[in-house]
Amino acid sequence: MTKFSDLKLDPKVLSAVAEAGYETPTPIQAGAIPPALEGRDVLGIAQTGTGKTASFVLPMITLLGRGRARARMPRSLVLCPTRELAAQVAENFDTYSKHTKLTKALLIGGVSFGEQDKLIDRGVDVLIATPGRLLDHFERGKLLLTGVQIMVVDEADRMLDMGFIPDIERIFELTPKLTRQTLFFSATMAPEIERITNTFLHSPVKIEVARQATTSETIEQRLYALTPTRRDQAAKQKRELLRALIRSEAEACTNAIIFCNRKTEVDILAKSLKTYGFDAAPIHGDLDQSQRMRTLDGFRDGSLRFLIASDVAARGLDIPAVSHVFNFDVPSHAEDYVHRIGRTGRAGRKGRAFTIATPADDKYLAAIESLVKTAIPRAELPEGFELSEAAQQPPRERDEKPARARTGRSRERDRREPKAAAEITPVEAPLAEAARPEPVWAEPNRPEPVRATPARSEAQPEPCLEPRDDHRRDRDDRRDRGGPVVVGMGDHVPDFILRSFRTLSAPVTETETEDETES
């Protein structure tokens with residue numbers, strides 16, 4: 001049987017491995033470490049939980065033992081799809097390099113740029129990062145990748161998913177092409193993704209310990225089919241079934257990870273379980289990094305029993321003592337099922353993975369069973385389980401729809417426009433009569449405006465500015481009655497309208513200027 005001492009690792013690395021309690025490498029470690037130590041490119045495929053992280057960390061520490069890092073130029077680079085997985089790789093590096101003087105830096109989102117810049121400026125041997133934060137540092141001029149000797153892509157199938165391809169390609173272009181050693185590791189590797197890896201790897205050694213996308217034999221899988229009585233209450237009925245499953249496994253379920261497809265469902269489910277007395281906390285990509293790490297630490301040390309997670313926790317997280325995994329939602333990507341249930345049954349332990357499915361999940365189940373090449377065993381619902389009456393009734397709605405918010409324009413229009421006669425109630429009639437404005441001529445003692453008549457020469461024709469005869473008669477009648485006179489353009493013409501204008505081309509004489517001044 002192969003031992004770590006047979007793999008030509010650095011004695012300091014072997015000492016750290018022994019202190020960690022390991023003597024015999026896993027199949028993927030025994031197959032990947034020797035070619036990696038020879039400097040060859042490696043494509044490693046193995047089930048989740050088989051020690052892929054140590055497969056590249058141990059040879060990296062041995063190869064980087066000679067040499068020294070320069071400022072802003074890391075000697076090796078490890079790319080991870082999630083912050084949690086990157087932090088876990090950093091922990092493994094600390095465990096196995098404690099007897100060496102190698103340095104590392106962890107570049108992930110949710111952490112201050114300033115602290116990360118200080119580490120990069122001092123020079124690091126190993127740089128562990130997520131693609132987004134890595135490119136942020138590069139674009140800020142704080143990082144150079146021309147000195148990378150070893151490049152590792154962990155969870156390669158997710159990293160090379162369509163959404164990550166542009167970032168991955170750009171990062172590879174920034175690293176040396178001829179002198180770089182590249183290592184790819186993943187639990188699943190679809191054929192089309194494998195063709196993409198061929199563009200990044202040069203004559204790689206392919207280590208395939210188990211058939212791709214297989215599940216561990218140490219995991220007991222069950223599928224619980226639920227047909228909701230109402231489509232709009234499907235989530236609520238699934239939550240009732242989940243609580244029944246947890247209670248039925250009360251003795252065996254020491255802790256569990258419960259996976260949902262959407263972040264909003266993660267929050268709703270965590271809140272629901274707390275309401276019913278279960279110790280649960282959510283984790284997904286929209287939470288602060290500090291909160292995510294506190295939640296994971298609590299789940300690791302046993303202070304938190306149920307971790308409600310999106311697929312951010314499905315990749316690579318090494319929490320050995322997870323007894324159960326519950327798929328509250330059937331994953332829409334078949335590969336995610338393999339990664340989800342791989343969080344239990346690790347390191348030879350027994351684990352259980354339960355999945356809740358509705359008729360709407362049939363196509364996703366078919367894809368999963370086609371991928372793993374086996375049917376997921378169907379199980380009966382827990383004994384005595386019945387849906388509550390509240391879960392079978394339509395969701396609660398408000399008795400009346402909320403009044404539509406009125407805009408300022410509509411309020412102004414209502415203020416200006418009086419109600420029609422038919423809309424005025426008897427109670428409002430006196431108020432409407434009192435609010436009606438009196439005509440202008442009914443106001444007493446209003447002084448008559450003074451008309452300004454400009455001086456005109458006798459030769460200048462009189463402009464037709466007087467009001468029409470009927471308007472003049474109305475005005476005279478109002479004046480005779482002592483009422484005010486309404487002033488309009490026919491009664492008063494501003495002086496500036498009657499003033500003549502000269503063209504700019506005509507010269508202005510001094511005499512004309514004096515005449516205008518006197519006028």
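A few remarks follow.
- Test for Val42: is it modelled with pLDDT of 90 or more, closer than 27 Å to Gly285 by Cβ, buried (at least 21 other Cβ atoms within 10 Å of the Cβ) and assigned by TED's automatic domain parsing to the domain that holds Leu178: no
- Screening the stretch 1-53 for residues that are among the hydroxyl-bearing types (Ser, Thr, Tyr) and out of contact with any Asp or Glu (no Cβ under 8 Å at 6 or more places or on another chain) and picking the one that is farthest from Lys206 (Cα to Cα) gives Ser15.
- Inspection of the stretch 270-282 finds a residue satisfying the criterion of being within 17 Å of the chain's Cα centre (by Cα) and in the same structural domain as Arg340 (by TED's automatic domain parsing).
- Which numbered condition Ala71 fails, given (1) without any contact (Cβ under 8 Å) to a residue 60 or more places away in the chain; (2) farther than 22 Å from Leu119 by Cα: (2)
- Candidates in the stretch 240-266 are the residues that are surrounded by 13 or more Cβ atoms within 10 Å (Cβ to Cβ) and of a type in the set (Gly, Ala, Ser); of these, the one that is farthest from Asn327 (Cα to Cα) is Ser248.
- Selection from the stretch 92-106 of residues that are touching a Ser or Thr at 6+ places or on another chain (Cβ under 6 Å) and either outside the structural domain of Phe56 (by TED's automatic domain parsing) or in a loop (DSSP other than H, G, I, E, B) (or both): His99
- Some residue of the stretch 188-204 being within 28 Å of Tyr96 (Cα to Cα), touching a residue at least 60 places away in the same chain (Cβ under 8 Å), of a type in the set (S, T, N, Q) and assigned to a loop (DSSP other than H, G, I, E, B): yes
- Options Leu296, Leu287, Leu273, Leu269: the member that is surrounded by 21 or more Cβ atoms within 10 Å (Cβ to Cβ) and farther than 25 Å from Arg222 by Cα: Leu296
- For first residues located in the stretch 365-379 and in contact (Cβ under 8 Å) with a residue 12 or more places away in the chain, partners that are β-branched (Val, Ile, Thr) and not in a helix (DSSP H, G or I) and lie 6+ apart or on another chain with Cβ distances below 6 Å form the pairs Val372/Thr215.
- Any hit, the stretch 312-326, residues being more than 30 Å from Gly298 (Cα to Cα), surrounded by 17 or more Cβ atoms within 10 Å (Cβ to Cβ) and under 32 Å from the mean Cα position of the chain (by Cα): no
Let's see how each residue does on (1) over 21 Å from Pro320 (Cβ atoms); (2) in a helix (DSSP H, G or I); (3) touching a residue at least 24 places away in the same chain (Cβ under 8 Å); (4) of a type in the set (Val, Ile, Thr):
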{"position": "Thr24", "(1), (2), (3), (4)": "no, no, no, yes"}
{"position": "Ala30", "(1), (2), (3), (4)": "no, yes, yes, no"}
{"position": "Pro34", "(1), (2), (3), (4)": "yes, yes, yes, no"}
{"position": "Gly39", "(1), (2), (3), (4)": "yes, no, yes, no"}
{"position": "Thr50", "(1), (2), (3), (4)": "no, no, yes, yes"}
{"position": "Ser55", "(1), (2), (3), (4)": "no, yes, yes, no"}
{"position": "Val78", "(1), (2), (3), (4)": "yes, no, yes, yes"}
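- When the stretch 62-76 is limited to residues that are surrounded by fewer than 24 Cβ atoms within 10 Å (Cβ to Cβ) and not in a loop (DSSP other than H, G, I, E, B), the one that is modelled with the lowest pLDDT turns out to be Arg70.
- Any hit, the stretch 19-38, residues being surrounded by 20 or more Cβ atoms within 10 Å (Cβ to Cβ), of a type in the set (A, V, I, L, M), closer than 21 Å to Phe172 by Cα and modelled with pLDDT of 95 or more: yes
- Listed by position, the strands (runs of 3 or more DSSP E) enclosed by the stretch 275-357 that each have at least 1 residues that are without any contact (Cβ under 8 Å) to a residue 60 or more places away in the chain are 280-283, 306-309.
- Residues that are more than 29 Å from the chain's Cα centre (by Cα) and of a type in the set (A, V, I, L, M), drawn from the stretch 367-400: Val372, Ala375, Ile376, Ala379, Leu381, Leu387, Ala390, Ala391
- The one condition from (1) of a type outside the set (Ser, Thr, Tyr); (2) out of contact with any Pro (no Cβ under 6 Å at 6 or more places or on another chain); (3) modelled with pLDDT of 95 or more that Gly123 does not meet is (3).
The values are calculated or read from the model by the stated rules, or taken from the named source; none is laboratory data. As the structure is a prediction and not an experimental result, all values here were calculated from the model. Note: ideal-geometry Cβ built from the backbone for every residue, glycine included; neighbour counts use all protein chains shown.
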